[in-house]
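A.B. asks: Can you read through this structure? Questions will come right after.
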Amino acid sequence: MWLVATAAQDMSGAASLPLDRDLFVSPPPRLSFEQVAALLERAYGIHPHDITALASERDANFRIDTDGGRFTLKVSNAAEPPAAVDLNSCVLNHINERAPDFPAPKIVRTVGGGFNTIVTDGTGKPSNVRLLTYLDGLPLGDAEISSPLVRSIGSALGRLSCILDDFDHPHKNIPILWDSTNVHRLAPLLDNVPDKGRRDVLKRHLRHFETHVRPTLGKRRRHIIHNDANPGNVLVNVRGTASFAGIFDFGDIVYAPAINELAVAATYLLARCDDVVSLISDLVSGYAGHAACTSEDLCIVPDLMTARFLTTILITHWRADLFPGNADYILRNNPGAWAGLERMDRMDRAGLTPQGIQQLTGQS
């Protein structure tokens, strides 16, 4: 979800990213199964025997079954900048070149050898199209959470961090709405939260973020991160001890502090874990086996988790107002985000000091 950077004002008077109406009020592409089948034959030489529409907020996605295997066809929103589509494609290609065994989708080239092609949907608008390999596994949301599984997820995210550490792209700095390290810029969305008491809670957290968290972020190691390890995007291998099996949907990639990858993952796991300290420790212990994280990184993980909850709450309330017909899907993570924010408010952070987590994870 992408933004164009121009000046605006947030609640503290600091420069803020606007909410570009063209990019975020644009409805998803509309393609019939017949159009999808014709596109696959023309651009990829593929003859599907089954096409299934997949749930999506802004794009149109389809599962494609063929005699030669299963694929995912991704039709980007017509308002998606071509530079953003290219960035996403280049990230997937980089992962495949650097670590072909890492379980992420691989781009299927067109008959002309390109990463993508163009299709005109039922409204006459052109959209970028990519075909990706399909990953098998149990969605994390359907798996039983355990310390070994959380450590396995942390380990995979640490490995992904190493793979992407040297990735570069001329448009890697494109700002996106889902970059929770810029949550202070979402203050204009507060008006879409109907309950005043809840708005006041959000304002308090936004002020804390801008005063105490944001000034520290410039010192953190940065590179492109997946930025959305939610229960629907992470797959689990349930043979034997449950373990990480794959990650997909790189649509929210962002150039951000590397440690935010763990914070985002932790927000989605928190609803199913009793102990926040143990959750973070398990993630960090797996992550640190591949990627370094400093005591300063560890110190801001709880605040970055809070920032992600704020981001989810503000964006989903706003988008649900824009698209009431798709509100149930848009708001699917909203209750969990409120619950997570309340838990972060109530929790005892005594064990979440860098020293405390280092002791639990064995880091020095």
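The values are calculated or read from the model by the stated rules, or taken from the named source; none is laboratory data. Please read all numbers here as calculations on a predicted model, not as lab measurements. Glycine gets a Cβ as well: all are built from the backbone with ideal geometry, and neighbour counts include every protein chain shown. Calculation scope for accessible area: heavy atoms of the full protein, side chains included, ligands and nucleic acids excluded. Shrake-Rupley method; radii C 1.70, N 1.55, O 1.52, S 1.80 Å.
A.B. asks: What's the FRET efficiency of R207 with A55 using the Cβ-Cβ distance as r and R₀ = 35 Å, to the nearest 0.05?
C.D. replies: 0.50
A.B. asks: Highest GNM mean-square fluctuation, the chain, Cα pairs closer than 10 Å: which of G68, G286, G158?
C.D. replies: Among G68, G286, G158, the largest GNM mean-square fluctuation belongs to G68.
A.B. asks: Quick check: pseudo-label points 7 Å beyond the Cα along Cα→Cβ at A99 and D321, how many nm apart are they?
C.D. replies: The answer from the label model is 4.1 nm.
A.B. asks: Something else now. Per 0.36 nm of contour for each residue apart, how much would the distance between T120 and D136 grow if the chain were fully extended, relative to their Cα-Cα spacing? Walk me through the intermediate numbers first.
C.D. replies: Working: separation 16, 0.36 × 16 = 5.76 nm, distance 3.00 nm.
Separation in residues times 0.36 nm, less the Cα-Cα distance, equals 2.8 nm.
A.B. asks: At 1.306 mPa s and 10 °C, plugging the Kirkwood radius over alpha-carbon pairs of the chain into Stokes-Einstein gives what diffusion coefficient in µm²/s? Let's see the in-between values first.
C.D. replies: Numbers: Rh = 21.2 Å.
It diffuses with D of about 75 µm²/s by this estimate.
A.B. asks: Most mobile of K203, K219, K74 per a Gaussian network model of the chain (Cα springs, under 10 Å)?
C.D. replies: Maximum among the listed residues: K219.
A.B. asks: Still on this model: For region 31-40, what does the Karplus curve 6.51 cos²θ - 1.76 cosθ + 1.60, with θ = phi - 60°, yield as ³J(HN,Hα) per residue in whole Hz, taken in order and with x for Gly and Pro?
C.D. replies: These are the phi-based 3J(HN,Hα) values: 10, 7, 4, 5, 5, 5, 4, 5, 4, 4 Hz.
A.B. asks: Right, something else. Taking the Cα centroid of region 70-133 and of region 253-304, what is the distance between the two, rounded to the nearest whole Å?
C.D. replies: 29
A.B. asks: What residue among P188, P215, P257 shows peak mean-square fluctuation when the chain is described by a Gaussian network model with Cα springs under 10 Å?
C.D. replies: For the chain, modelled as a Gaussian network with Cα springs under 10 Å, the answer is P215.
A.B. asks: Can you tell me how much longer the chain between S278 and T294 gets when fully stretched, taken as 0.36 nm per residue apart minus their C-alpha distance, in nm with one decimal?
C.D. replies: Details: separation 16, 0.36 × 16 = 5.76 nm, distance 1.79 nm.
Length gained, S278 through T294: 4.0 nm.
A.B. asks: Mind checking the per residue accessible area of the chain for me, 1.4 Å probe, whole number of Å²? Mind showing how you got there, number by number?
C.D. replies: Working: 15290 Å² over 364 residues.
Dividing the accessible area of the chain by its residue count gives 42 Å².
A.B. asks: If I compute solvent accessible area with a 1.4 Å probe over the protein chains, what percent of it on the chain is carbon and sulfur? Present the calculation step by step, with values, prior to reporting the outcome.
C.D. replies: Numbers: 7600 of 15290 Å².
Exposed carbon and sulfur together represent 50 percent of the surface.
A.B. asks: Using the basic label-point model (7 angstrom from Cα toward the beta carbon), what is the K196 to H171 distance in nanometres?
C.D. replies: 4.4
A.B. asks: Which far-off residues, 5 or more places away or on another chain, put their amide H under 5 Å from the one on G246, with H placed in the peptide plane?
C.D. replies: Amide H to amide H, under 5 Å and 5 or more residues apart or across chains, G246 pairs with L235.
A.B. asks: For a paramagnetic label modelled at 7 Å from the Cα of K219 toward its Cβ, which residues of region 277-318 fall within the zone defined by backbone nitrogen distances under 19 Å?
C.D. replies: 292-305
A.B. asks: Using 29 Å as the Cα-Cα cut-off, could you pick out the over-long pairs in K74/K172; K74/K196; K172/K196; K106/K172? Before the final figure, lay out each step's value.
C.D. replies: On the way: K74/K172 21 Å; K74/K196 39 Å; K172/K196 37 Å; K106/K172 20 Å.
Over 29 Å Cα-Cα: K74/K196; K172/K196.
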